[in-house]
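One structure is given below, encoded as structure tokens.
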Ligand SMILES: Cc1cc2nc3c(=O)[nH]c(=O)nc-3n(C[C@H](O)[C@H](O)[C@H](O)COP(=O)(O)O)c2cc1C
């Protein structure tokens, strides 16, 4: 996969070096173009050393008379050879040029000559971002089908606080790779995904929770969105940024999770229940903090609604995928859950394997399916596991419809 990385003249230009590196680590070949203003912030040498390639900095210096005679015009070559044009940081100036078709330097000329997918990561002062001129240009570029990665909010280098920060370089690199690899086989689907733990209050300051990090659910949401699905991600409290393009519904307790799932059930075509929802809670937690006065205390817990079982009863012909975190008898437990909760697939994993499961970057799961098929997957990144779950889900739905 070949990516042209255009770097604009903003304070965040230094982060483009990390983006180039993250892209290369994910197997992309990267060709870097610096605008004249970008060169005021970062040097071509950094990018040349990172990418082992010449860095383009000028429209005319890059195409000599001999090159032109041998019909090698550099901005046309770059446009033809690359699959994706990523511009990060995309300055207000560059977006104005792109929106209006100006072509007075290498990057803006390349933009006009480029027919592949374009992804822009704007970064600038909050007032510049909010200005109607910038917003109109962003809307024009989005309407052309370009992917715009909206800036994060937070303290900016210029001293203001608000939207304008370049998102994390790894997130930008992953969104770009997704765009380059995009399979659109989940287009038309609305996928409801639950993720993370729930927190059940004991009193206003304490709660009962579990070790779920939400990483598997967020990986599923990112994979589904990248493959064209509309994704509704219902998430318990986690320390993760939501993937681009998903509709995030934040919840805290099992009761809130239940309410959110039931609210969105009708509009979904596939439901993936990757959240670790508390089985028990304190039905009426006290409104005042419990004081340390008792020698011993016990908590009375009541069951929470069984969301998976209720979705199983109400699902109709929707595809329901449940998760089972087990410590033994993976396939039997998966089959039992499949039957008792009316799931179409259960993703079962052993949580006592080192380096997988809760909080880990990788997972090793076995897919137990309604058709009787059992598919043990190798240990893979959660993102790869997510893609394989959807590959199997699409095949499973075809098989289930064929037998109806
Ligand atoms: C110190 C400094 C920081 C700047 N930071 C930004 C920025 O973060 N985003 C932006 O859109 N413009 C920023 N600018 C303004 C751009 O450098 C200016 O608009 C320039 O023409 C952009 O050129 P380019 O889009 O061709 O790279 C900054 C200017 C200076 C002097």
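Values quoted throughout were computed directly from the atomic coordinates according to the rules given, and no laboratory measurement underlies them. On a predicted model such as this, the values are computed, not experimentally measured, just so you know. A quick note on method: Cβ atoms are made from the backbone with ideal geometry, for glycine too, and the neighbour counts reach across all protein chains shown.
Here are some notes:
- Beta bridges assigned by DSSP with both partners in the chain are antiparallel in approximately 30 percent of cases.
- Residue-averaged [θ]222 nm for the chain, counting only DSSP H segments that reach four residues, each worth -39500 (n - 2.57): -10500 deg cm²/dmol
- Note on region 248-369: antiparallel DSSP beta bridges, both residues inside, total approximately 40 percent of the bridges counted.
- Exposure proxy ranking, count of Cβ atoms within 10 Å, fewest first, for 152, 241, 302: 302, 241, 152
- Only alpha carbons enter this Debye calculation for region 158-297, each as an equal point scatterer, and the log10 of I(q)/I(0) it gives at q = 0.14, 0.15, 0.17 Å⁻¹ is -0.74, -0.82, -0.95.
- Whole-angstrom gap from region 197-254 to region 297-311, using each part's C-alpha centre: 19
- Taking all Cα pairs closer than 8 Å and separated by 6 or more residues, the relative contact order of the chain comes to 11 percent.
- Ranking of 257, 216 by count of other Cβ atoms within 10 Å, fewest first: 257, 216
- Projected onto their three principal axes, the Cα atoms of region 2-181 cover extents of 50, 34, 33 Å, largest first.
- Eigenvalues of the alpha-carbon gyration tensor of the chain, scaled by 5 and square-rooted, set the equivalent ellipsoid semi-axes at 46, 26, 18 angstrom, largest first.
- Of the residues 286, 169, 155, the one that moves most in a GNM of the chain with alpha-carbon contacts below 10 Å is 286.
- Neighbour-count order for 374, 118, fewest beta carbons within 10 angstrom listed first: 374, 118
- Rounded to the nearest 5, the antiparallel percentage of DSSP beta bridges internal to region 2-181 is 20%.
- The chain: angle of helix 382-403 to the longest principal axis, Cα-based, in degrees nearest 10: 70
- Helix 15-25 and the longest principal axis of the C-alpha atoms of the chain enclose an angle of approximately 70°.
- Once the Cα atoms are used to define both axes, helix 254-265 deviates from the longest principal axis of the chain by about 60 degrees.
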